[in-house]
Amino acid sequence: MTAPAVTPAIRFAGAAAGYGERRVWEGLDLTVESGEFLAVLGPNGTGKTTLLKAVLGIARLSAGTIEVAGRPPRRGSRRIGYIPQQRAFDRDLPVRGRDLVRFGLDGHRPGILLARRESRRRVDEVIRAVGATGFAGAPVGRLSGGEQQRLRIAQALLGDPDILLCDEPLLSLDVAHQRVITALIEQRRREAGTTIVFVTHDINPVLPYVGRLLYLVGGRFAVGSPAEILTGARLSSLYGTHVDVVRAGGRVVVVTPDDDDVTGGADGHHPPAVSAPALWEDELE
């Protein structure tokens, strides 16, 4: 007996996106399977956040189609959790960590609130799941970046989503906190089968978990495993300039041959010169 076909979590077909006359990417055919961990890389201005917004149903494609679980994307869908780019909170903001988490509870359906006891139980549950119980009662502005990110993950998980979109959640975090946050997200994928789409400027913290990469550069893109995409030949072809990829101590480092020749430029389509121990810090934004 043939097993029933599993509907992909996300599917782009001939998709294009842009602003006015400018297209940031086009001709994108991409299927993200249920439970997959996909990393999205590329310089500034190449449409990484736009791609997430298209999945969220808040950005329209200029061509092609997108499906989420076999249907057109719908704004406010409970199927999708979203961790936005980190923004600093005012130190005197009178909002506790648990209040920040609770903002994710039925926030996409104004006027609909769960019973107080049930909502408190669900908030406590996700706070405990991300290890934030010890500081959830403190003002968010007084918490560290890593603590704030744990709470943002809890907020995103409050609706028990099938898909978790992460928009550079590691920015401004030290290496130790990066490892904690990526491990939490991978734990969610492993235990609940959640599909992860993870935009990042640094591939190294998520490299142990990633199944495939989507690399966007100057309207072009490449999709494949890290071994297929993270090569000097593949990146040189994407960027249109020579790039070396060095692996050392389990880390990936992108190296250009002449620090004075390639600086990233105003167009953001070329990788800057980096050398060990730099870890894609400026290129993949």
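The values are calculated or read from the model by the stated rules, or taken from the named source; none is laboratory data. Just so it is clear, the model here is predicted, and its values are computed rather than measured. Please note: Cβ atoms are built from the backbone with ideal geometry, for glycine as well, and neighbour counts cover all protein chains shown.
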**Fill in**
Those residues of the range 103-149 which are modelled with pLDDT of 90 or more and in contact with an Asp or Glu (Cβ under 6 Å, 6 or more places away or on another chain) amount to PHE135, GLY141
**Message:** Quick check on my filter: what residues within the range 153-178 are surrounded by 23 or more Cβ atoms within 10 Å (Cβ to Cβ) and in contact with a His (Cβ under 9 Å, 6 or more places away or on another chain)?
**Reply:** LEU170
**Matching residues in the range 1-47 - criterion: being surrounded by 14 or more Cβ atoms within 10 Å (Cβ to Cβ), basic (Lys, Arg) and out of contact with any Asp or Glu (no Cβ under 8 Å at 6 or more places or on another chain)** = ARG23
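Matching residues to (1) among the polar types (S, T, N, Q); (2) at pLDDT 95 or above; (3) not in a strand (DSSP E or B):
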site: LEU151; (1), (2), (3): no, no, yes
site: GLN155; (1), (2), (3): yes, no, yes
site: HIS177; (1), (2), (3): no, no, yes
site: VAL210; (1), (2), (3): no, yes, yes
site: LEU213; (1), (2), (3): no, yes, no
site: VAL245; (1), (2), (3): no, no, no
**Request:** For the range 188-203, indicate whether the set of residues that are over 29 Å from ASP92 (Cα atoms), part of a helix (DSSP H, G or I) and hydrophobic (A, V, I, L, M, F, W, C) is non-empty.
**Result:** yes
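Got a sec? Which of LEU230, LEU158, LEU165 is aliphatic (A, V, I, L, M) and under 13 Å from the mean Cα position of the chain (by Cα)?
LEU165
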**Request:** Name every residue in the range 71-96 that is in contact with a strand residue (DSSP E or B) (Cβ under 8 Å, 6 or more places away or on another chain) and either under 22 Å from THR50 (Cβ atoms) or in a strand (DSSP E or B) (or both), in order of residue number.
**Result:** PRO72, PRO73, ARG74, SER77, ARG79, ILE80, GLY81, TYR82, ILE83, PRO84, GLN85, ARG96
**Item:** Verdict on ILE181 being part of a helix (DSSP H, G or I) and crowded, with 19+ Cβ neighbours inside 10 Å
**Value:** yes
**Complete:** Exactly one of LEU56, LEU51 is of a type outside the set (Ser, Thr, Tyr), surrounded by 17 or more Cβ atoms within 10 Å (Cβ to Cβ), within 24 Å of VAL123 (Cβ to Cβ) and modelled with pLDDT of 95 or more, and that one is LEU56
**Prompt:** Would you say ARG87 is at pLDDT below 95 and either buried (at least 16 other Cβ atoms within 10 Å of the Cβ) or closer than 30 Å to GLY240 by Cα (or both)?
**Reply:** no
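When you check ARG23 against the structure, is it at pLDDT below 95 and in a loop (DSSP other than H, G, I, E, B), yes or no? Talk me through it step by step, then tell me what you get.
Numbers: at pLDDT below 95: yes; in a loop (DSSP other than H, G, I, E, B): no.
Taking the combined requirement at face value, the residue does not satisfy it.
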